[in-house]
Amino acid sequence: MTDFAHDTVVPYKDSESSKKQQVAAMFDDIAFKYDFLNRFLSAGIDIKWRKKAIRQLADLHPKKILDVATGTADVAIMANAILKPEKIIGIDISDGMLEMGRKKVEKAGLENIIELLNGDSETINFEDNSFDAVTVAFGVRNFQQLEKGLSEIKRVLKPGGKLVVLEFSKPKMPGVKSMYNLYMKVICPNVGKLFSKNRNAYKYLDESIKKFPEGKNFTLILDNLGYSNTYCKPLSLGICSIYCGTK
C-alpha cells in the first residue's frame, strides 16, 4: 500500500495515538455542533454538494447502500429521500457522531431503513459483494491508510456497483484561491473554536485538504486499485469535488 502525505496529518500533533484514534476523539468532541458548523461555515452549500453526489447513483437504482464515515447520517437520510433504497448501512468510528445520527434517523422515522454502526473503513465487517453502492462524504481524508480503505470499499461492492466520494479540494483560480486560503486559515478555525472550543479540528481540516491527492491524482488511485469508469466533477469553482468509480 502506498503512503500519502495526508495520511500523516493528525488533529493533535502532541498525541501518541494513531490518526484513527485521534480522528474519532476529535469528532466525538465536536459532534454536538457538527451539523450547525457545517451549515454555518458553508452557508448551506454543503447540502447541495451532498445531493449532487447522491444523484450520481440515480441511474443505478441501488437497493442496498453503505455510507462510510456516515457521521451524523446526513448523506444516509438524503440518499433515502433521493434514491429510495431498501436498506442503508452507515458506519463511522465516532460514537458521538453516531449518537447524533441515530437521533436524526429516529426523528425521520427511518429506523427500519437506515442502520448506523460503529465501523472502520479499513476493516469493513461485511462480506464481499454486499452493496450496490458506497458513499463517502468528507471522510476519505480521515482514512488512516487511503488505499486500504478504498480497497475495502471495492471488496464489499457488488460487481457493477459504484463508489461516490465527496471531498474538499483546492480551487485553482487566483482570486478564488486567495479568498479560500484566507477562509480556511483564519475564519474557519476561529469560528470553529468559538462554537465548539476545538480549534484543532478546523486546523486539521485545512492541513488535510492541502495534502490530499485531489483531482486526477485521486481518480488515478481508483484506477490503480481496479475501479473502472472513474471520473471527477469539481463543484463550486473547485472548492469541492465528486469522485466516482465502478467495480
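The values are calculated or read from the model by the stated rules, or taken from the named source; none is laboratory data. These figures come from a predicted structure and were not determined experimentally. All Cβ positions, even for glycine, are placed from backbone atoms using ideal geometry, and neighbour counts span all protein chains on display.
Observations
- Answer from Arg155, Arg141 - the residue that is within 17 Å of the chain's Cα centre (by Cα) and in contact (Cβ under 8 Å) with a residue 12 or more places away in the chain: Arg141
The rows are residues; the columns are (1) over 15 Å from Leu205 (Cα atoms); (2) of a type in the set (Gly, Ala, Ser).
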position	(1), (2)
Met1	yes, no
Phe4	yes, no
Pro11	no, no
Ser17	yes, yes
Val23	no, no
Phe36	yes, no
Ala43	yes, yes
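- All positions within the stretch 196-211 that are of a type outside the set (Gly, Ala, Ser) and outside any loop (DSSP other than H, G, I, E, B): Arg199, Asn200, Tyr202, Lys203, Tyr204, Leu205, Asp206, Glu207, Ile209, Lys210
- Close pairs (6 angstrom Cβ cut-off, 6 or more residues apart or separate chains): surrounded by 15 or more Cβ atoms within 10 Å (Cβ to Cβ) in the stretch 179-200, at pLDDT 75 or above and of a type in the set (Val, Ile, Thr) anywhere: Ser196/Ile30; Asn198/Ile30
- Some residue of the stretch 86-101 being among the small types (Gly, Ala, Ser), touching a residue at least 24 places away in the same chain (Cβ under 8 Å) and within 24 Å of Asp59 (Cβ to Cβ): yes
- Scan the stretch 212-244 for residues that are of a type outside the set (Phe, Trp, Tyr), part of a strand (DSSP E or B) and surrounded by 16 or more Cβ atoms within 10 Å (Cβ to Cβ) and the total you get is 7.
- Lone qualifier among Ile45, Ile114 - being more than 24 Å from Gly160 (Cα to Cα) and in contact (Cβ under 8 Å) with a residue 12 or more places away in the chain: Ile45
- Hits in the stretch 150-166 (condition: in a strand (DSSP E or B) and surrounded by fewer than 21 Cβ atoms within 10 Å (Cβ to Cβ)): Lys158, Pro159, Gly160
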